[in-house]
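Structure first, commentary second.
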Amino acid sequence: MARPRQIDCIFEAARPLTDDGRIGVRLEFRVNQLRVDADTIEDKAELGPDLSISAVDGIGKVMRILRAARISAPRELLDWVGEVDMAIALLTRARGTRVKLAVRARSDISFVAWTEAGVETVKNVADVRELGNAYVIERQGGGFPVLVPRDGLVRHSTEAERWYEVLDIRPA
């Protein structure tokens, strides 16, 4: 696997995480170097609701940003579990802190087919091939291929969503 890319960034904001009922903060970083195809990089730091591996990972992310900003944090890590307001208050003081993010470029490719019956979307696409009178769509991670017949197909396209996965946060 390729080495993670190191990107200089400035910590911009922390907002409450509101997806899927998870408790945590959404971290926003502004890219501070040339030759990067994104202006901002976002990451999530889960903080609970219970003590779990993802909560410990999220607490570690928050602690690394605070350490880079030289802001002292509560010594007891269990005090962080589920405490989004405390994390946002401390992270707000860290705005403008320069950090170095280790990131990996990620993408998710989808195949969208418009038919007379409606719209069909296949996510996590690895390959699309034409086979006679149909498209054969192979998905990442294996599984059975999806067969989309060409008759009745009005239009089709592939869409790619690209982002950076944050692997590590270090002081710049």
TODO: Extending each Cα 7 Å along its Cβ direction at Glu116 and Arg5, get the distance between those two points in nm, one decimal.
DONE: 4.5 nm
Task: Under 17 Å from Lys100, Cα to Cα: lysines that are on another chain or at least 8 residues apart - done: Lys44, Lys61
- [ ] Could you work out how far the C-alpha centroid of the range 110-168 sits from that of the range 1-24, in angstrom?
- [x] 28 Å
Open item on the list: Over the chain, with a Gaussian network built from C-alpha contacts below 10 Å, which listed residue (Ala117, Ala102, Ala73) shows the highest mean-square fluctuation?
Closed with: Ala117
TODO: May I ask for the angle, rounded to the nearest 10°, between helix 84-93 and the longest principal axis of the chain, with both axes built from Cα atoms and the value confined to 0 to 90°?
DONE: 70 degrees
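Kindly provide the helix-only [θ] at 222 nm of the chain, computed as the sum of -39,500 (n - 2.57) over DSSP H runs of four or more divided by all residues, to the nearest 500 deg cm²/dmol?
Value at 222 nm, helices only: -5000 deg cm²/dmol.
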Task: With Cα atoms, 0 to 90° folded angle of helix 53-68 axis to the chain main axis - done: 50 degrees
Task: Low-density loop cleavage sites - trypsin sites (Lys or Arg not before Pro) in the range 19-64, where at most 12 other Cβ are within 10 Å (DSSP) - done: Arg35
Open item on the list: Which one, Arg15, Arg155, Arg70, has the greatest fluctuation when you compute a Gaussian network model over the chain with C-alpha springs under 10 angstrom?
Closed with: Arg155
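FYI, it's all coordinate maths here, none of it is from the lab. Since this is a predicted model, take the numbers as computed values, not measurements. Positions of Cβ are generated from backbone atoms using ideal geometry, with glycine treated the same way; all protein chains shown enter the neighbour counts.
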